[in-house]
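Worksheet: the structure to be examined is printed underneath.
The values are calculated or read from the model by the stated rules, or taken from the named source; none is laboratory data. Values in this document were obtained by computation on a predicted structure and should not be read as measured data. Please note: Cβ atoms are built from the backbone with ideal geometry, for glycine as well, and neighbour counts cover all protein chains shown.
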Amino acid sequence: MSDDEYIYDEATGEWRPASELKAEAVREVRDASGTLLADGDQVVLVKDLKVKGTSTTLKQGTVIRSIRLTDDPELIDCRHEAIKGLVLRTEFVRKR
């Protein structure tokens, strides 16, 4: 990108430099203990969680493998054999 490129920011309704928006797009995702998370990490639940829409409860210490980061730094996509499409808040997990 060259220095003279601008992108329309729908949130503010203004045209802003592309380099400025790119810098804001880099977000740090941290777990409950403050450790940085990345795609593919394994995490462990720090408390029992009732899963909405099911009668399942995920117990403290359950290992969740290969997480994926989302646009929201407080949420991660997860895979678990009992639940499809599981999304967890980062405040309830810590990196393994």
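Structure values in brief
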quantity: Close pairs from segment 69-90: first in the same structural domain as Gly40 (by TED's automatic domain parsing), partner of a type in the set (S, T, N, Q) and in a strand (DSSP E or B), Cβ under 9 Å, at least 6 apart; calculated: Cys78/Ser66; Arg79/Ser66
quantity: Number of positions in segment 31-74 that are within 11 Å of Val93 (Cβ to Cβ), of a type in the set (S, T, N, Q) and within 14 Å of the chain's Cα centre (by Cα); calculated: 2
